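K.L.:
Let me begin by handing over the structure; questions about it come next.
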Amino acid sequence: MPFLTSVMPTIFFVGFFLMFFAIFGITIYSIIKGVAAKKRDDAAPVLDVWARVTGKRTSDVRRRSTMNTANYGYGYTEYYATFQVASGDRMELAVSGEEYGLLREGDEGTLRFQGKRFLCFARSRENIEKSPEIR
């Protein structure tokens, strides 16, 4: 039994530090990955291309936490639109909730984006005139 009492604290400390460094490493990796993606988008040219809206989707994100028997949480919705450009390529870009509400499948116009960052979408005049009037 004396062997266990001398080994258990060592096992605990090794396990504790392994978990600490694993969590720390994952956090640092996530930060570096996010900064690299932002830097890559910032370095990309701003492009204006003809595009058609081919799809829309949402993703509900829910976060829950329990602290001292008090449950609390929050949630938000991420909005995405899929655009097809003249070459036939499709790209899905994250858009704001306001922009998501203004887009509809089949809309055509000029898409402005930078890397994987959506900047704006201007519907063509013909597409606006074909739209059913909202009364």
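K.L.:
How many of the residues making up the stretch 15-66 are modelled with pLDDT of 90 or more, among the polar types (S, T, N, Q) and touching a Phe, Trp or Tyr at 6+ places or on another chain (Cβ under 8 Å)?
P.N.:
Number satisfying all stated conditions: 3.
K.L.:
Look through the stretch 74-89, keep the residues that are modelled with pLDDT of 95 or more and not polar (S, T, N, Q), and return whichever of them is farthest from Val61 (Cα to Cα).
P.N.:
That would be Phe83.
K.L.:
Cβ-Cβ below 9 Å, separation at least six or inter-chain, first residue in the stretch 72-87 and under 18 Å from Arg52 (Cβ atoms), second in a strand (DSSP E or B) and among the aromatic types (Phe, Trp, Tyr): which pairs?
P.N.:
Filtered contacts from the stretch 72-87: Ala81/Phe118; Ala81/Phe121; Phe83/Phe113; Phe83/Phe118; Phe83/Phe121; Val85/Trp50; Ala86/Trp50.
K.L.:
Starting from the stretch 36-52, keep only residues that are in contact (Cβ under 8 Å) with a residue 60 or more places away in the chain and part of a strand (DSSP E or B), then list their pairs with residues that are exposed (fewer than 12 other Cβ atoms within 10 Å of the Cβ) and small (Gly, Ala, Ser) whose Cβ atoms are within a distance under 7 Å, requiring at least 6 positions of separation or different chains.
P.N.:
From residues that are in contact (Cβ under 8 Å) with a residue 60 or more places away in the chain and part of a strand (DSSP E or B), the pairs are Val49/Ala86; Trp50/Ala86.
K.L.:
OK, next. What number of residues within the stretch 83-117 satisfy the criterion of being within 25 Å of Lys39 (Cα to Cα), surrounded by 15 or more Cβ atoms within 10 Å (Cβ to Cβ) and of a type in the set (Gly, Ala, Ser)?
P.N.:
Looking only at that region, the number is 1.
The values are calculated or read from the model by the stated rules, or taken from the named source; none is laboratory data. All values derive from a computational prediction rather than experimental measurement. Using ideal geometry, Cβ is built from the backbone for each residue, glycine included, and neighbour counts are taken over all protein chains shown.
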